[in-house]
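The values are calculated or read from the model by the stated rules, or taken from the named source; none is laboratory data. Predicted model only: the values in this text are computed from it and were never measured. Note that each Cβ is placed from the backbone with ideal geometry, even for glycine, and that neighbours are counted across all protein chains shown. Note: areas computed on protein heavy atoms with side chains; ligands, DNA, RNA excluded. Shrake-Rupley method; radii C 1.70, N 1.55, O 1.52, S 1.80 Å.
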Amino acid sequence: MTFYIESLNFSSLSDLFSRLLKYENRSRISCYYIDSSKPGKILSVILEKIFGLIFKKMSFRLIDIKDEKNELIRIRIARKDLFDFGERIFKGHAYNKLFDASWNKDSLIPFMKKGLLAASISSDSNSVSRMLFIIHVINWHMKKIKIKSSIFIINHRPWINEYRDVAEGYGVTLDVPKKSISIFNFFKLSLNQIIKNNLRLLILFRNLQNHGLVRKNKKIKTDRCFLYLEGRGDINFKNNGHHSDFFWALNSEFDIKNIIYKNFPGEETNLDANGVKYLTERVKYSKSNFLVPIINNMRDFNNESEAIKHQFILYKSIREYWRCLFKTNNIKIYSTWYIYDNDHIAKSEAIKDVGGVSMVQQIAFDGYKTFECSTYADIAFKYSKWVCDNEKGLDSKVNYQIITGYPKDYAAPLLKDEAEKIRAELKRNGAQKIVFIIDENSGYDERWHTGHSLQKENYSFMIEKMLLTPWLGLIFKPKYAKTLRQRIGEDAWGLLEEAKKTGRCHIYLESGRMSTNAPPLLGGLSADLCIHGHMGNAALECSLNNIPTLIIDREGRPHHKFRELSDDKVVFYNWPDTVDAAIEYLKDPLKNKDFGNWSHFVDQFDPFRDGKAAYRIGTFKKWILDGYQEKKDKKTIIDDAVNRYAEIWGRDKIIAR
């Protein structure tokens with residue numbers, strides 16, 4: 001018999017011990033584990049001596065776990081499996097026994113569903129995605145060691161019966177030990193719930209956390225209405241084409257003095273210098289009318305009811321706190337880009353509670369429908385109708401989808417001179433043809449992320465070729481430059497340093513809070529060819545500007561929209577083939593005009609192609625805020641803005657729910 005153990009700890013090993021007592025021939029028992037606590041490791045050594053076992057830690061990489069169609073399981077989970085598992089939960093026995101009609105209130109159910117399902121493999125060890133992935137890892141390992149059945153001892157979590165149904169399809173029997181309770185964790189969780197469930201206490205705690213005991217900052221004058229902006233930390237007030245959270249204001253008549261920005265410590269000076277407000281005011285309590293809904297039959301489904309209760313309390317705390325914050329600061333527009341968890345859903349309800357408008361800005365391209373992209377907002381700014389159609393079937397509620405085109409399409413003329421300087425510098429040092437290479441960020445644990453090895457390849461293959469090719473120049477734009485050296489390792493970093501010494505290699509390293517400051521287009525405009533080592537937004541940005549662009553699908557995304565492009569002309573699957581094809585193309589670009597050519601393809605992602613998307617976004621936001629300054633009601637304000645947009649840009653550019 002083969003046992004797999006999610007985590008070596010007292011509970012799992014006690015369960016294993018009781019099972020081992022039933023076996024006479026223990027020499028044929030194999031035990032593999034995923035993770036281990038320190039006490040668990042000590043206990044496993046004792047069991048090894050008693051029963052003559054060997055506990056082996058499973059060795060696997062996320063990048064190797066693919067299905068029969070060569071789709072990366074991590075991708076498939078987000079694209080398909082979470083939808084299927086959600087159906088199992090929400091049509092299942094436990095959920096329906098717990099359900100109460102009081103849940104049918106505003107966005108409570110969408111918030112709960114996304115909270116239960118959306119956490120990623122890498123960020124949450126208790127997430128649905130992590131457990132579904134581990135089941136696939138075990139299936140992969142069983143094939144490797146040629147067995148057809150096994151027992152998997154897992155940690156306590158909700159929806160065990162639903163997981164059992166999935167696991168049984170792969171010959172895996174789930175076993176759940178008796179639940180052990182940590183007194184420390186119990187009190188910590190209880191205290192957390194008490195604070196979140198009491199609005200006065202929550203506001204007091206947050207005010208102390210954010211502002212201390214003594215007021216240090218100046219008060220925001222609330223004689224006018226504000227837009228609250230959640231950005232990515234790109235605090236750039238120069239309209240120079242570089243990343244900026246304020247790009248839509250810089251390219252329209254929206255007054256940035258009407259923005260309250262979600263800042264991090266250390267960013268205040270730059271905001272002050274440019275007249276942008278940030279949260280300095282202590283939040284004032286205002287009475288809450290929200291009651292946490294009833295959960296039926298809680299004792300019968302303890303794990304499931306606790307998970308749902310946690311989501312309800314979280315929903316209440318976010319919605320009520322932010323309602324008070326919006327009211328305190330006279331905020332009438334809540335604008336965000338981050339839709340990948342359920343936080344924006346509760347905040348959208350909070351702004352609605354004060355009569356305001358919620359807005360979501362698309363900044364990334366998803367080439368297939370994914371669970372985490374479900375959205376709840378009054379307004380969503382989208383690239384194109386294709387994007388809107390792709391997201392049909394998500395558990396979303398958006399009153400108006402506004403088609404704007406690609407939001408950074410204004411940038412090319414602003415970046416041209418800077419790009420030419422970089423190109424001229426590389427050419428002065430002997431580069432006749434230049435390749436721009438785009439990477440992605442990476443995680444340190446390759447079990448739960450595609451890892452650093454893919455990013456090392458994004459540098460090493462082309463640099464090695466460049467060092468042997470005196471006419472070749474390279475430009476790199478890391479996704480996140482601050483950690484690049486640690487992530488690609490000293491060997492690849494050494495190659496990069498050697499390449500820079502030739503004078504034919506440039507790398508953009510200046511970074512903001514979340515990403516490198518330079519946009520992908522800046523590197524693209526300097527180059528003869530762009531290569532994106534993945535399949536993302538950066539490749540689209542370059543191709544929209546008619547720059548020959550290649551993509552490499554090493555992960556395995558057969559359902560991605562970009563896979564419709566031609567193999568060996570645009571789409572490649574490894575770096576060696578890509579390098580060889582790129583070199584041949586650069587020797588004589590006129591010989592293969594289809595190489596890297598997206599011209600027949602990209603209009604479906606930007607129906608305008610006029611450089612005015614940012615203007616459209618900023619103008620729409622201005623119309624909404626102007627309506628509040630004129631003290632109109634929300635419905636009239638939105639109707640007026642939608643109609644004005646339709647009259648100027650076309651009725652087909654508005655998709656109403």
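Computed quantities for the displayed model
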| quantity | calculated |
| --- | --- |
| Ranked order, E584, E268, E420 - accessible area, probe 1.4 Å, largest first | E584, E420, E268 |
| For the stretch 347-425 and the stretch 41-84, distance of Cα centres in Å | 36 Å |
| Cα centroid separation, the stretch 540-601 to the stretch 449-470 (Å) | 17 Å |
| DSSP-defined beta bridges in the stretch 1-151 - what % are antiparallel, rounded to 5 | 10 percent |
| Protection proxy ranking of 6-12, 629-635, 298-304 - average other beta-carbon atoms within 10 Å, highest first | 6-12, 298-304, 629-635 |
| The stretch 428-560, accessible surface, carbon-and-sulfur percent (1.4 angstrom probe) | 48 percent |
| Of the trypsin sites (Lys or Arg not before Pro) in the stretch 369-402, those whose Cβ has at most 13 other Cβ within 10 Å and which sit in DSSP loop | K392 |
| Amide H within-cut-off set for L174, under 5 Å, with H built and near neighbours excluded | F152 |
| Amide hydrogen neighbours beyond the local backbone of K397, cut-off 5 Å, H modeled | T375, Y376, A377 |
| Probe 1.4 Å, all protein chains present, accessible-area order of S30, S348, largest first | S30, S348 |
| The chain - accessible surface per residue (Å², probe 1.4 Å) | 45 Å² |
| Environment charge of W623, counting only residues whose C-beta is closer than 9 Å and scoring Lys/Arg +1, Asp/Glu -1 | +1 |
| Of all DSSP beta bridges in the stretch 273-424, antiparallel share, percent nearest 5 | 0 percent |
| DSSP-assigned coil residues among chymotrypsin sites (Phe, Trp or Tyr not before Pro) in the stretch 309-367, each with at most 14 further Cβ atoms within 10 Å | Y338 |
| Under 13 Å, Cβ to Cβ, from T450 - net charge with Lys/Arg +1 and Asp/Glu -1 | +1 |
| Amide proton proximity set for I475, modelled H, under 5 Å, gap of 5+ | V435, F436, I437, H506 |
| Tensor-based shape of the chain (alpha-carbon gyration tensor, a/c under 1.5 rounded, otherwise prolate or oblate) | oblate |
| Listed pairs K561/K653; K91/K178; K284/K382; K262/K561; K221/K332 exceeding 23 Å between Cα atoms | K91/K178; K284/K382; K262/K561 |
| Per-residue [θ]222 nm for the chain (sum of -39500 (n - 2.57) over DSSP H runs n ≥ 4, rounded to 500) | -13000 deg cm²/dmol |
| Candidates per GluC sites (Glu not before Pro) in the stretch 59-132, loop by DSSP, up to 14 other Cβ within 10 Å | E68 |
| Residue-by-residue Karplus 3J(HN,Hα) for the stretch 370-386, coefficients 6.51, -1.76, 1.60, Hz, glycine and proline x | 10, 4, 5, 8, 4, 10, 10, 6, 6, 10, 10, 8, 10, 4, 7, 5, 4 |
| DSSP-defined antiparallel bridges as percent of all bridges, the chain, nearest 5 | 10 percent |
| Rough spin-label spacing in nm, given labels placed 7 Å along Cα→Cβ, for D223 and S286 | 2.1 nm |
| Part-to-part distance (alpha-carbon centres) for the stretch 300-314 and the stretch 254-285, which is given in Å | 36 Å |
| Exposure rank, largest accessible area first [R282, R447, R616; 1.4 Å] | R282, R447, R616 |
